[in-house]
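Chemist: This structure is in C-alpha cells; I'll ask about it shortly.
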Amino acid sequence: MADIKMTNLNKAYGAVHILKDVNLDISSGEFIVFVGPSGCGKSTLLRSICGLESITSGTLEIDKAVVNEVPPSKRGIAMVFQSYALYPHMSVFENIGFALENQGLPRAEIKQKVEKVAEMLQLTPYLARLPKALSGGQRQRVAIGRAIVRGAKVFLFDEPLSNLDAALRVQTRMEIARLKRSMPNTTMIYVTHDQVEAMTLADRIVVLQAGKVEQVGSPMELYDTPSNVFVAGFIGSPKMNFVTGGVAAKHKCHTLGVRPEHFHLDGKKGEIRGKVEYAEILGADSFLYVSTNTGVMTVREEGKTKFKPGDTVFVTPQAKNTHRFGEDGMRLH
Ligand SMILES: Nc1ncnc2c1ncn2[C@@H]1O[C@H](COP(=O)(O)OP(=O)(O)OP(=O)(O)O)[C@@H](O)[C@H]1O
Ligand SMILES: [Mg+2]
C-alpha cells in the first residue's frame, strides 16, 4: 500500500524554476498517467518522487510520512526507464534476480521469486537467454521484472514503450494493463507521449504544462469536460478544433472548441463554409482538413468520405458537444 501526497512541491535548478506548486493526491493502487509537452517537467516530477532529484520546497509524503530527505533506496519505489539498461553478460534469470542476490537471499527463494515474476510477464521461455537475444518488448519486460521482484510498493515508468515499434507497443501496453490488474495494491505512475496509452491505462491523468498541473481527472472527464483551452487541445487525437471571432461570439464564448467527430459536414449548407484541402481515407473513418475563414478544421467522418480536395463544404458544430471557453482560456459552464 502506498498513498502519495505532494503539497506545494517546487523544484528549481539554480534560477530555473521547473516544477511550480504541484499539489497531487495519489491513492494506493491508482494508475496515474502524467502527460504534457516536452520539457514541461514530467521526468523531473518522477525523479523527485523517487528521490533521484531533491525537492526545492514543499513536501512529498508516502503513507503520511514526509520523505523529502529519505534516500531513494529507502522509499520503496522502483523506476523503469525508457532505456532498459540490462546487464548484457547476464541471463534474463540473473538480470531479474540480481537485486535479490545482492540482498543475500537463499538460492531457492531467489529461484522461486524470479520464476513467479517471469510467469507473470510471460518471460518463462527466455530465462536462460542473454538480453541481446530478446526483442525490445521482451527486454522492457525484463526491466519491469527486476522492479517487481524487489517488491516495490510504487512503480514509476518514464515512457517505457517509446523505443518499441507500433505493434510491440500495443502488445506491451496490454501486458502493462494486465500487470496492473495482477498487482491491485501497487501504485503506478506512468509518463507517456502516447494518447492511446494515457487514455487506456490511466485511472486518472495529470496534465502538466510548464511545471504546473493544469487538470487532474479520469480520461473521460478530461475528454468530455477539459477545464481550459490547453487541456482541451492536448487531450484527443487528432486535436480539438478551436474557433474564435464571429462564430464563437454566436455561441456566446471567446473560443469555441469542437472535436473532429463533433462537426456535421454538408455539401450545401451549414454554419462555417470551407474548402476541403486534403482527405485521409482510412477505411473505418476519414479525416478531412477543411480550410475556413477561421483556420483549418479537422473533421472526422464515419467510413469513406464522398468529399474530395477542392470541394466546397459546410461544417456545423453539434450544439450538444461544443466546448466554450472565455477570454482567459477557462471553460465556461
Ligand atoms: N539537471 C538539470 N539542470 C537544469 N535544467 C534541467 C535539468 N534537468 C532538466 N532540466 C530542465 O527541466 C525542464 C523539464 O525537464 P523534464 O526532463 O522534466 O521534461 P519532460 O516533461 O520529461 O520532457 P520530455 O517529454 O521531453 O521527456 C526542461 O526544460 C529541462 O531542460
Ligand atoms: Mg521526460
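Chemist: Name the one entry in 43, 54, 48, 38 that is within 13 Å of ligand 1 (Cβ to nearest atom), touching a Lys or Arg at 6+ places or on another chain (Cβ under 6 Å) and polar (S, T, N, Q).
Modeler: Testing whether each residue is within 13 Å of ligand 1 (Cβ to nearest atom), touching a Lys or Arg at 6+ places or on another chain (Cβ under 6 Å) and polar (S, T, N, Q) leaves just 48.
Chemist: What number of residues in the range 106-151 are of a type in the set (Ser, Thr, Tyr) and crowded, with 17+ Cβ neighbours inside 10 Å?
Modeler: Summing the residues that are of a type in the set (Ser, Thr, Tyr) and crowded, with 17+ Cβ neighbours inside 10 Å in the range 106-151 gives 1.
Chemist: Take the residues of the range 34-79 that are within 13 Å of ligand 2 (Cβ to nearest atom) and touching a helix residue (DSSP H, G or I) at 6+ places or on another chain (Cβ under 7 Å): which is farthest from residue 211 (Cα to Cα)?
Modeler: 79
Chemist: Just to be sure, is residue 92 closer than 20 Å to residue 147 by Cβ and not small (Gly, Ala, Ser)?
Modeler: So residue 92 passes the test.
Chemist: Say whether the condition of being closer than 22 Å to residue 35 by Cβ, within 16 Å of ligand 1 (Cβ to nearest atom) and in the same structural domain as residue 67 (by TED's automatic domain parsing) is met by at least one residue in the range 138-145.
Modeler: Looking through the range 138-145, none of the residues is closer than 22 Å to residue 35 by Cβ, within 16 Å of ligand 1 (Cβ to nearest atom) and in the same structural domain as residue 67 (by TED's automatic domain parsing).
Chemist: Please go through the range 116-129 and pick out each residue that is within 28 Å of the chain's Cα centre (by Cα) and free of Cβ contacts under 8 Å to residues at least 40 places away in the same chain.
Modeler: Listed by number, the residues that qualify are 117, 118, 119, 123.
Chemist: Name every residue in the range 168-196 that is farther than 23 Å from residue 135 by Cβ and more than 16 Å from the chain's Cα centre (by Cα), in order of residue number.
Modeler: 181, 183, 184, 185, 186
Chemist: Among (1) among the aliphatic types (A, V, I, L, M); (2) away from ligand 1 (no atom under 16 Å from the Cβ); (3) surrounded by 22 or more Cβ atoms within 10 Å (Cβ to Cβ), which single condition is residue 191 missing?
Modeler: (2)
Chemist: Of the residues 331, 300, which is closer than 24 Å to residue 231 by Cα and not assigned by TED's automatic domain parsing to the domain that holds residue 253?
Modeler: Testing whether each residue is closer than 24 Å to residue 231 by Cα and not assigned by TED's automatic domain parsing to the domain that holds residue 253 leaves just 331.
Chemist: In the range 130-167, which residue that is within 16 Å of ligand 2 (Cβ to nearest atom) and in a loop (DSSP other than H, G, I, E, B) is nearest to the chain's Cα centre (by Cα)?
Modeler: 159
Chemist: Of everything in the range 152-186 that's among the small types (Gly, Ala, Ser) and without any contact (Cβ under 8 Å) to a residue 40 or more places away in the chain, which residue is surrounded by the most Cβ atoms within 10 Å (Cβ to Cβ)?
Modeler: Among those residues, the one meeting the criterion is 177.
Chemist: Return the residues of the range 38-57 that are surrounded by 14 or more Cβ atoms within 10 Å (Cβ to Cβ) and not hydrophobic (A, V, I, L, M, F, W, C); say none if nothing qualifies.
Modeler: Of everything in the range 38-57, those that are surrounded by 14 or more Cβ atoms within 10 Å (Cβ to Cβ) and not hydrophobic (A, V, I, L, M, F, W, C) turn out to be 41, 42, 43, 44, 47, 48, 51, 53, 56.
Chemist: Give the range 305-324 a look and list any residue that's among the small types (Gly, Ala, Ser) and at pLDDT 95 or above, or say none.
Modeler: Listed by number, the list holds a single entry, 310.
The values are calculated or read from the model by the stated rules, or taken from the named source; none is laboratory data. As the structure is a computational prediction, the values presented were derived from the model and not from experiment. Neighbour counts are summed over all protein chains in view; Cβ atoms, including those assigned to glycine, are modelled from backbone coordinates with ideal geometry.
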